[in-house]
1. Only one of these conditions is not met by VAL63: (1) touching a Ser or Thr at 6+ places or on another chain (Cβ under 8 Å); (2) at pLDDT 95 or above; (3) of a type in the set (A, V, I, L, M). Which number is it?
2. Determine, yes or no, whether LEU98 is in a strand (DSSP E or B) and not hydroxyl-bearing (Ser, Thr, Tyr).
3. For the condition among the basic types (Lys, Arg), open to solvent by less than 50 Å² (accessible area, probe 1.4 Å) and more than 10 Å from the chain's Cα centre (by Cα), what is the one hit in ARG71, ARG66, ARG56?
4. With the requirement that a residue be within 14 Å of the chain's Cα centre (by Cα) and either of a type in the set (Lys, Arg) or closer than 14 Å to TYR94 by Cβ (or both), what does the range 1-22 give you?
5. Among the residues of the range 46-55, is any under 17 Å from TYR93 (Cβ atoms) and touching a residue at least 60 places away in the same chain (Cβ under 8 Å)?
6. Going by what's in this entry, would GLY26 be described as surrounded by 14 or more Cβ atoms within 10 Å (Cβ to Cβ) and at positive phi?
7. Find the residue count for the range 74-115, including only residues that are over 17 Å from LEU11 (Cβ atoms) and open to solvent by less than 50 Å² (accessible area, probe 1.4 Å).
8. Among the residues of the range 75-115, which ones are at positive phi and either under 11 Å from the mean Cα position of the chain (by Cα) or in contact (Cβ under 8 Å) with a residue 60 or more places away in the chain (or both)?
Amino acid sequence: QVQLVESGGGLVQAGGSLRLSCAASGNIFSINAMGWYRQAPGKQRELVATITSGGRINYADSVKGRFTISRDNAKNTLYLQMNSLKSEDTAVYYCTALSLSRGYWGQGTQVTVSS
């Protein structure tokens, strides 16, 4: 079992920045990959960024050059630095982890970008 707890969401003006954090606990040594997804009202959940245990990173085209995913293994924490935020980035952001072929999700954190 893996538990994920996100934090760092909030209200920010367009062009601003936020950093999301995701603290992982439980069977963290079995985690193969982690990532961030988001879901805007009335839309499907979509991938934002992922990072594998080997350090391979993937971004959605819509966030490339603006968002940076990273992790601190010593703190068992995943981050998402979000810069140059746009109103279309408004969504609930979810942390996810893949462990032993099973996916785990956090409870989500709301990010609202005002234009």
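1. Tallying (1) touching a Ser or Thr at 6+ places or on another chain (Cβ under 8 Å); (2) at pLDDT 95 or above; (3) of a type in the set (A, V, I, L, M), VAL63 fails exactly one: (1).
2. Numbers: in a strand (DSSP E or B): yes; not hydroxyl-bearing (Ser, Thr, Tyr): yes.
So LEU98 fits the description; yes.
3. On inspection, the qualifying residue turns out to be ARG66.
4. Passing the criteria: LEU4, VAL5, GLU6, SER7, GLY8, GLY9, ARG19, LEU20, SER21, CYS22.
5. So the first thing to find is which residues in the range 46-55 are under 17 Å from TYR93 (Cβ atoms), and the list is 46-51.
Keeping just the survivors that are touching a residue at least 60 places away in the same chain (Cβ under 8 Å) gives none.
No: zero hits.
6. The answer is yes for GLY26.
7. Initially, the range 74-115 is screened for residues over 17 Å from LEU11 (Cβ atoms), giving 74-79, 81, 94-107.
Right, trim to open to solvent by less than 50 Å² (accessible area, probe 1.4 Å) and you get 77-79, 94-97, 99, 103-104, 106.
Result for the range 74-115: 11.
8. Passing the criteria: SER84, LEU100, GLY108.
The values are calculated or read from the model by the stated rules, or taken from the named source; none is laboratory data. Quick caveat: nothing in here was measured; it's all calculated off a predicted structure. Here the Cβ is made from the backbone with ideal geometry for all residues, glycine too, and neighbour counts use every protein chain on show. Calculation scope for accessible area: heavy atoms of the full protein, side chains included, ligands and nucleic acids excluded. Shrake-Rupley method; radii C 1.70, N 1.55, O 1.52, S 1.80 Å.
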